[in-house]
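Contents: one structure, followed by commentary.
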Amino acid sequence: MKTLSLIFIASALLVTSFISLANASFSFVETAQDDANKVVVFVSDAAALSGQALQLNQQSDGRFAALLELNEFTPSSQGILHLQMVGEVDDVLVIGIDSDKALDGPALQNLGGKIAASLSSTSKDVEASVFVDGLSSDSSITAAHLAYGYHLRHYSFDKYQSKKQEGESNITFVTPSANENENLYANDLKFIAQGVHLARDLASEPGKSMYPQLFVDTVSALFKGVDNVKIDVLDVKDMEKYNMGALMGVGKGSIHEPRMLVIEYTGGKRGDAPIALAGKGITFDTGGISIKPNTNMWMMKADLSGAAAVAGTMHALAQRGENVNVIGLMPLAENMPAEDAIRPGDVLQTMQGTTIEIISTDAEGRLILADAVYYAQDKYKPKMLLNIATLTGSAARALGDEYAALVTRNMPYSLQMMEVGEKSGEHVWPLPLHENHFEQIKSDIADIKNSGAGNPGASIGAAVIGTFVADDLPWVHLDIAGVDWLSSSIDVAPKGSQGWGVRYMDQLVRDNK
Ligand code: BES
Ligand code: ZN
Ligand code: MN
């Protein structure tokens, strides 16, 4: 009994210590405090200052404008300038704004991220006031988006470092619409940022500390007490019952059994068909018997990014109480070489009843997703289905860091899905899906095989998954192999795992509820 409770405590600790707290707090006020000695202002025309920038200039007897000139500051190049001792103010961060362009949500979020990076570059702990009066936007809601972008950027995975990288940030936004902005941030956008951070945490965790059951435990714990959520976990026995040979096959070489985590969120009307989101959760991808080369194999600890993004999205939707039904499916397995691992040439049975010949055990993501998307349709009869995965190097080579690969069955739908990307700040670009891609995966000894002759790899991967998705179901395939792990920072994220997909899927749900 004693040992039992000790074990329980230990595992509970493990789970709670896992969640990284972004130490940032944001407040929204209509008038500035007098003692604000670190301020952020936006300047779109250095020769015709207005708002808080003009005030700073007056208070400093023209020193502000003189410093801008001395530093050859040009707003249109989106320059950033740190100034000291301007009038009563110790520190001023000046951010150049192109006044010709009205800033939309994602642009403001990028700015917020820029501010986070700039402020924390000079001191770990940050206390500052941001004056939004210099921004050119069509909306009065700018501060909430700045805060959201700041929150997104304010992240570091430092749990294994003895010296913590992140300090605390207390940011005050000075805006005439303080209440509206506060509302949007605190009841909505904040939860997306938290979902993104959760996804980054899960993807950054070393493979040794993030195997299928631990993913299930960690994520499930976060939904305790959250309304309208039901969690279902399939273990190997359940998978046997459903004939999920593809998912079980991939997991066979690992000492950690595969799982499928299913989060059902019923915030919508009872009986309304849900949206299904399925994410690839390979907790480590060695390639299996078709083993990968050494270079960069360590990055394959992040091969569960699709599942991590689904978990983050579900958490965001549930926390902000979105009025919709969504099912999140996370097939989880570790792809290891071992004496009982699947071999190239093996044939696996799927839940659909069809068989897959394994050409490469390294093309494992499509295998676990085959069973997951089939299960999603069979059990939940969704009105649309999205799957998200770090699926192919091919997608990464084609599209680089900026766009995730998007595959659907028709171009108008792809255009609609690109629009979701524009609105969310996470961009997608279409790749084709052709009859011939399905021809290329016909097998000599099974129904299909898990990889084709080679090119075009991303489309072939999509075709394998598409084989398990009903032709008439609106279906979106996202290959995030190129975008999820970045080797340098962007405005809204430090380098490393991006938690890519949380913002996209959150927007997709908003647009399709
Ligand atoms: N997880 C990898 C894809 C990947 C590559 C993700 C680089 C992130 C960065 C996937 O399981 C894989 O190994 N894909 C193979 C498919 C091939 C064997 C058909 C690939 O892309 O080489
Ligand atoms: Zn993989
Ligand atoms: Mn692989």
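Every number here is computed from the coordinates shown, using simple stated rules; none is lab data. None of these values were measured; they are calculated from a predicted model. Every residue, glycine among them, receives a Cβ derived from its backbone with ideal geometry; neighbour counts consider all protein chains shown.
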- Applied in sequence order to the stretch 224-234, the curve 6.51 cos²θ - 1.76 cosθ + 1.60 (Karplus, θ = phi - 60°) yields integer Hz couplings, x standing for Gly and Pro, of 4, x, 7, 5, 6, 10, 10, 10, 10, 10, 8
- Which order results if ASP34, ASP133 are arranged by neighbouring Cβ count within 10 Å, fewest first? ASP34, ASP133
- Between ASP125 and SER99, with labels modelled 7 Å along Cα→Cβ, what's the label distance in nm to one decimal, could you check? 3.9 nm
- Message: Give me log10 I(q)/I(0) at q = 0.15, 0.25, 0.28, 0.29 Å⁻¹ for the stretch 45-92, Debye formula, one equal scatterer per alpha-carbon, no solvent.
- Response: -0.33, -0.96, -1.18, -1.25
- Query: Given charges of +1 on the Cβ of Lys and Arg and -1 on the Cβ of Asp and Glu, with all other atoms neutral, how large is the dipole of the stretch 31-175 about its Cα centre, in debye to the nearest 20?
  - Reply: 580 debye
- What is the order of LEU54, LEU119, LEU386, fewest Cβ neighbours within 10 Å to most? LEU54, LEU119, LEU386
- Among ALA453, LEU406, ALA333, the residue whose Cα sits farthest towards the positive end of the charge dipole of the stretch 326-458 (+1 at Cβ of Lys and Arg, -1 at Cβ of Asp and Glu, taken about the Cα centre) is LEU406
- Ranked on Cβ counts within 10 Å of their own Cβ, fewest leading, ASP158, ASP100 go ASP100, ASP158
- How far is it, in nm, from the label point at LYS269 to the one at SER136 when both lie 7 Å from their Cα along the line to the Cβ? 4.4 nm
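Evaluate the charge dipole of the chain about its Cα centre and quote only its size in Debye, nearest 20, assuming +1 on the Cβ of each Lys and Arg and -1 on the Cβ of each Asp and Glu.
Values: 39 positive and 62 negative charges, 275 e Å.
The calculated dipole for the chain is roughly 1320 debye.
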- Query: Residue separation times 0.36 nm, minus the C-alpha to C-alpha distance between ASP346 and GLN84: what's the value?
  - Reply: 87.6 nm
- On Cα atoms only, tilt of 457-466 relative to the major axis of the chain in degrees: 60 degrees
- Whole-Hz Karplus ³J(HN,Hα) for the stretch 57-64, in order, using 6.51 cos²θ - 1.76 cosθ + 1.60 and θ = phi - 60°, x for Gly and Pro? 5, 5, 4, 9, 6, x, 5, 4
- For LYS124, counting only lysines whose alpha-carbon sits under 25 Å away and dropping same-chain residues fewer than eight positions off, the answer is LYS38, LYS114, LYS159, LYS163, LYS164, LYS190, LYS495
- On a 0 to 90° scale, report how tilted helix 411-424 is relative to the longest principal axis of the chain, with both axes built from alpha carbons and the result rounded to the nearest 10. 40 degrees
- How far is the Cα center of the stretch 233-290 from the Cα center of the stretch 333-347, in Å? 17 Å
- Query: Along the Cα-to-Cβ line of ASN37, 7 Å from the Cα, sits a label point; which residues in the stretch 65-91 have backbone N less than 19 Å from it?
  - Reply: 82-91
- Computed FRET value (nearest 0.05) for THR295 with ASN170, which takes r as the C-beta separation and R₀ as 45 Å: 0.60
- Classify the stretch 194-512 as rounded, prolate or oblate from the Cα gyration tensor: take a ≥ b ≥ c as the square roots of its eigenvalues, call it rounded if a/c is under 1.5, otherwise prolate when a/b beats b/c and oblate if not. rounded
- Helix 502-511 versus the longest principal axis of the chain: what is the Cα-based angle in degrees, 0 to 90, to the nearest 10? 90 degrees
